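Chemist: Following this message is one structure expressed as structure tokens.
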Amino acid sequence: MKLSFLVPFFWGELRRKARENAKKGVPLDILSDFVFKSLFTDDNEDSRDALRHLLSACIGRPVAALDIQN
């Protein structure tokens, strides 16, 4: 089931939560499913680099390329 219609809601919630946490000096919780997915699967080079580094750290080998599939 695709929930793409919820993406604007979640992005708004994420921005709201990020603003609240920034005022308190608290980072976003990476263990939150939405934050984790947003950080590592966004379609930009920073997200791909972050995911590549995470995977490299987990498997103990460098990851040269990756492909994200739903």
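The values are calculated or read from the model by the stated rules, or taken from the named source; none is laboratory data. Not measured: the values here are computed from a predicted model. Ligands, DNA and RNA are excluded from the accessible area calculation, which covers all protein heavy atoms including side chains. Shrake-Rupley method; radii C 1.70, N 1.55, O 1.52, S 1.80 Å.
Chemist: For residue 41 and residue 29 in one chain, what is 0.36 nm times their gap in residues minus the Cα-Cα distance, to one decimal in nm?
Modeler: Difference between extended and current length: 2.7 nm.
Chemist: Would you kindly find the accessible area of residue 30, with a 1.4 Å probe and non-protein molecules such as ligands, DNA and RNA excluded, rounding to the nearest 10 Å²?
Modeler: 70 Å²
Chemist: Give me the extension gain from residue 69 to residue 18: residue separation times 0.36 nm, minus the current Cα-Cα distance, reported in nm with one decimal.
Modeler: 15.7 nm
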